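One structure is given here, and the rest of the page talks about it.
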Amino acid sequence: MHNHTLTDSVRYSYVRVLSLLTLDMQKGRLPETYVFFLSKQHREVVLFKAFAKLRVEASRYYLGFLWWVFHPLLTMAIFYLVFHVLLQRGEPDYVAFLLIGVTTWHWFSNTISHSMNSIWGGGSLMSQVDIPKVVFPCVIIVLDTIKFSFVFLILLIFLIIYGHTPDVKYISLPLILLVQLLVITAGAFLVAAVVPFMPDLEYVFGVLLRLMLFLSGIFYSSERIPEKYKEYFYLNPMANLIESYRAVMMKHDWPDWTSLGLVANAAIIGIVATNLFIKRFDRLYPRICP
Amino acid sequence: MSAEPISSENVISLRGVGVRFYRRSGLFRQSLFTALHDISFDLQMGESLGIIGRNGSGKSTLIRVLAGIIEPDSGVCINHGYSTALLSMGIGFDKMLSGRHNAILNGLLLGFRKRDVVNRMSDIIAFAELDDFIDHPLYTYSSGMRARLGFSVALKLDPDILLVDEALGVGDAQFKAKSSEVMQQKIQSNRTAVLVSHSTDVIRKLCQRTVWIDHGELCGMGPTDEVLSKYHRFLKIEPS
């Protein structure tokens, strides 16, 4: 047993990663090993595990799954009370504006922050069964998406009460939701993949999420951003998505198709790349996760 | 021992397998720990192989390499195209979930489809002797009941290659006898099986061939009786 410094272990992991990837390319193994996402059997694992977790969560409280309705309802009531009744913000529709941003942002940030620990915390399970490690973040994504669906339903009801009745342009909503799901998946895979290699990244990602919260135009409209910073502002996929939601749900307009398309493309590339990464180190994760 | 001829077809081959772990031992310091060093042997079709050794000798790491969960750092583990299932008690059990849901989850994690588990649910419940407890959450179970449930799922689902990690050491005496008997039937029905244990009695009863490892090194391999007598001599000299 020897003591090694950090540089040794970094060099060790670097050489290891490099040699494994070269070996793969020599064998021409990249395509068939990495492209496929999840088998039918593993999709069953994901769904059953997500529903089992929901069931467990519901059984923990007296009101059970009713909390998934009450909790967002109360949160929205607070926003209404503070910004509509108390502060009487001058901007028209500020509460609707705010709630669209806040709810969709929470879907993103909750899933990402829950995913950070998904592979890292699955150590005891993955040392006993050979399952693809993407299963872990997938469970979180399914779980948080189901919870978000309740929130989104309440948001729709709230908007109707607020005077924004759905019109024909609402048919673009499922598409925006799908693009956001792609973005969330890419982000969740990324954080789940790298945290086991360096757990300290949890703090870094936490700070980045906080930064993104203020840079996604949740509390302010993008018109407030100075012209010269606008192109940087729109590098943030959540800023694009939130603006699309508002276009459809508040301005009764179509979303910005080009921005949606770009975000969707970037997200798909992100999913493929991170999925590749996780699959490559499938056998390494059981050894670095406690 | 069983006089059944061992066919020479190899199921899994290990060649010079070494596994190392990095352990963080302080800020910017890590230590390297060798769990397995230069292990080579073949697992043959239809045989039951025992793996014996003291605590921390690398038994569990070895069976994880065989199951394809861990990739060796050096050497190779070649699986000649067979599916494996590592059975240890209660994989992925959640104490807030009912026994039925835990059984399904456990089966799914072992690589089976949901309908396979559901179809065999009555068998599983009967073998585990759980009756109406099956629909109550797991935290209401005694530890023996949990072990019985885990064991029944693994056994009733009937995987191709059994890799068993210390599964026979739990439950009350009666259930232990019952499960030991079923295991013996399974193993004698020409099934390929690997059993990890530090109980020499279990190994002697169930395994034709035994691998003995200590401190990650292969110390002996061959017919169970020979290896076990060597192992016993070793324990007398150097009690753990």
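Considering only the range A:170-186, I want to know if a residue exists there that is surrounded by 13 or more Cβ atoms within 10 Å (Cβ to Cβ) and small (Gly, Ala, Ser).
Yes, some residue in the range A:170-186 is surrounded by 13 or more Cβ atoms within 10 Å (Cβ to Cβ) and small (Gly, Ala, Ser).
Where the second residue is surrounded by 15 or more Cβ atoms within 10 Å (Cβ to Cβ) and the first is of a type in the set (D, E, K, R) and lies in the range A:197-222, which pairs have Cβ atoms under 6 Å and are six or more apart or on separate chains?
These pairs meet every condition: A:Glu202/A:Met116; A:Glu202/A:Val195.
Restricting the search to the range B:30-53, which residues are open to solvent by 30 Å² or more (accessible area, probe 1.4 Å) and not β-branched (Val, Ile, Thr)?
As a first pass, look at the range B:30-53 and keep what is open to solvent by 30 Å² or more (accessible area, probe 1.4 Å): B:33-34, B:37-38, B:40, B:42, B:44-45.
Within the range B:30-53, B:Phe33, B:His37, B:Asp38, B:Ser40, B:Asp42, B:Gln44, B:Met45 meet the criteria.
Filtering the range A:143-169 down to residues that are touching a residue at least 60 places away in the same chain (Cβ under 8 Å) and among the aromatic types (Phe, Trp, Tyr), which residue is surrounded by the fewest Cβ atoms within 10 Å (Cβ to Cβ)?
Only one residue fits best here, namely A:Tyr162.
All but one of (1) closer than 23 Å to B:Ser180 by Cβ; (2) at pLDDT 85 or above hold for B:Ala154; state the number of the condition that does not hold.
Condition (2) is where B:Ala154 drops out.
Just need a number here: residues in the range B:97-150 that are within 11 Å of chain A (Cβ to nearest Cβ), open to solvent by less than 20 Å² (accessible area, probe 1.4 Å) and of a type in the set (A, V, I, L, M, F, W, C).
Of the residues in the range B:97-150, 7 are within 11 Å of chain A (Cβ to nearest Cβ), open to solvent by less than 20 Å² (accessible area, probe 1.4 Å) and of a type in the set (A, V, I, L, M, F, W, C).
Within the group A:Val17, A:Val46, which residue is more than 27 Å from A:His252 (Cβ to Cβ), within 14 Å of chain B (Cβ to nearest Cβ), at pLDDT below 70 and assigned to a helix (DSSP H, G or I)? It would help to see each step written out before you state the result.
Details: A:Val46 fails: at pLDDT below 70.
None of the other options fit; the residue is A:Val17.
If the Cβ limit is 7 Å and pairs must be 6+ apart or interchain, which residue in the range A:126-142 that is farther than 19 Å from A:Thr274 by Cα pairs with which residue that is small (Gly, Ala, Ser)?
A:Gln128/B:Ser88; A:Asp130/B:Ala67; A:Asp130/B:Gly68
The values are calculated or read from the model by the stated rules, or taken from the named source; none is laboratory data. Just so it is clear, the structure is predicted and the values come from calculations on it, not from any experiment. Positions of Cβ are generated from backbone atoms using ideal geometry, with glycine treated the same way; all protein chains shown enter the neighbour counts. What goes into the accessible areas is simple: the full protein's heavy atoms, side chains included, and nothing from ligands, DNA or RNA. Shrake-Rupley method; radii C 1.70, N 1.55, O 1.52, S 1.80 Å.
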